[in-house]
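A.B. asks: Would you mind keeping the following structure in view while I ask a few things?
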Amino acid sequence: MNGTVMRFAENVDGIMRCIEEVKDFSERFFISWQLPFAISAEVTRCSGQLESIIVRTSNDEVEVARKTVDQGGPFGAQCQPIGDRVPVKVLIIDFRPIDDELTDRGTLWVSPRENRAFFIIDIKAVQQEGAVAEIVAEAETVLQQKLLSLFETDI
């Protein structure tokens, strides 16, 4: 990819303005942004073996262990339950503790079909000075470390 890509965290003021407009109507806010390149993903399963996730871009393909209750991996996946090779609906990436009160389970979701990353923050984060900016930066960092860094890009 050529050119400059604006990092989502650079627009926290814009996010806060949007939240400010609707904060009286909700206690949770959906934060979403476009990935810098398109991906697709599928889960592979073979009886008695570890499950894996194959993630593809237009130029590359990587295979990683699927994080499950029984095995470790960089991230999990929600997919159709039946089959040896099934498309991923959503990649599930932990970026904060599961009991985090400021986000929904400290989880960042990545939708290959929509080519978007998203997470949910609680109104408590909006009420704490700097918390939204911190959460957005953490989400971006973990997304970069666990998923985007798997691919060679020049963004």
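The values are calculated or read from the model by the stated rules, or taken from the named source; none is laboratory data. Just so it is clear, the model here is predicted, and its values are computed rather than measured. Counting neighbours? That spans all protein chains shown, and the Cβs are built from the backbone with ideal geometry, glycine included.
A.B. asks: State the number of residues belonging to the stretch 116-136 that are of a type outside the set (Phe, Trp, Tyr) and closer than 15 Å to Ile93 by Cβ.
C.D. replies: So the count comes out to 5.
A.B. asks: Given Arg105, Arg96, which one is within 15 Å of the chain's Cα centre (by Cα) and free of Cβ contacts under 8 Å to residues at least 40 places away in the same chain? Give the steps one after another, and end with the answer.
C.D. replies: Numbers: Arg96 fails: free of Cβ contacts under 8 Å to residues at least 40 places away in the same chain.
Being within 15 Å of the chain's Cα centre (by Cα) and free of Cβ contacts under 8 Å to residues at least 40 places away in the same chain holds for just one of Arg105, Arg96, which is Arg105.
A.B. asks: Tally time: how many residues in the stretch 28-58 are touching a residue at least 12 places away in the same chain (Cβ under 8 Å) and loosely packed, with under 10 Cβ neighbours inside 10 Å?
C.D. replies: So the answer is 1.
A.B. asks: Taking the stretch 70-93 as the search range and keeping residues that are in contact (Cβ under 8 Å) with a residue 40 or more places away in the chain and loosely packed, with under 12 Cβ neighbours inside 10 Å, which one is farthest from Arg28 (Cα to Cα)? Outline the logic, then answer.
C.D. replies: As a first pass, look at the stretch 70-93 and keep what is in contact (Cβ under 8 Å) with a residue 40 or more places away in the chain: 74-75, 84-88, 91, 93.
Among the residues that remain, those that are also loosely packed, with under 12 Cβ neighbours inside 10 Å are: 84-85.
Working: Asp84: 36, Arg85: 35 Å.
Here the residue is Asp84.
A.B. asks: Turning to a different aspect of this structure: When only residues in the stretch 39-56 that are in a loop (DSSP other than H, G, I, E, B) and among the charged types (D, E, K, R) count, which is nearest to Pro74 (Cα to Cα)?
C.D. replies: Filtering first and then ranking leaves Glu51.
A.B. asks: On to the next question. Could you tell me which residue of the stretch 59-69 is surrounded by the fewest Cβ atoms within 10 Å (Cβ to Cβ), considering only residues that are part of a strand (DSSP E or B) and in contact (Cβ under 8 Å) with a residue 60 or more places away in the chain?
C.D. replies: Val62
A.B. asks: Given the conditions (1) over 23 Å from Arg28 (Cα atoms); (2) in contact with a strand residue (DSSP E or B) (Cβ under 7 Å, 6 or more places away or on another chain); (3) assigned to a loop (DSSP other than H, G, I, E, B); (4) not polar (S, T, N, Q), which single one is not true for Arg96?
C.D. replies: The failed condition is (1).
A.B. asks: Looking at the stretch 74-87, is at least one residue closer than 23 Å to Ile19 by Cβ and in a strand (DSSP E or B)?
C.D. replies: no
Residue-wise test of (1) at pLDDT below 90; (2) more than 15 Å from Glu114 (Cα to Cα); (3) not hydrophobic (A, V, I, L, M, F, W, C).
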| site | (1), (2), (3) |
| --- | --- |
| Lys23 | yes, yes, yes |
| Phe29 | yes, yes, no |
| Glu42 | no, no, yes |
| Ser47 | yes, yes, yes |
| Leu50 | yes, yes, no |
| Val55 | no, no, no |
| Asp60 | no, yes, yes |
| Arg66 | no, yes, yes |
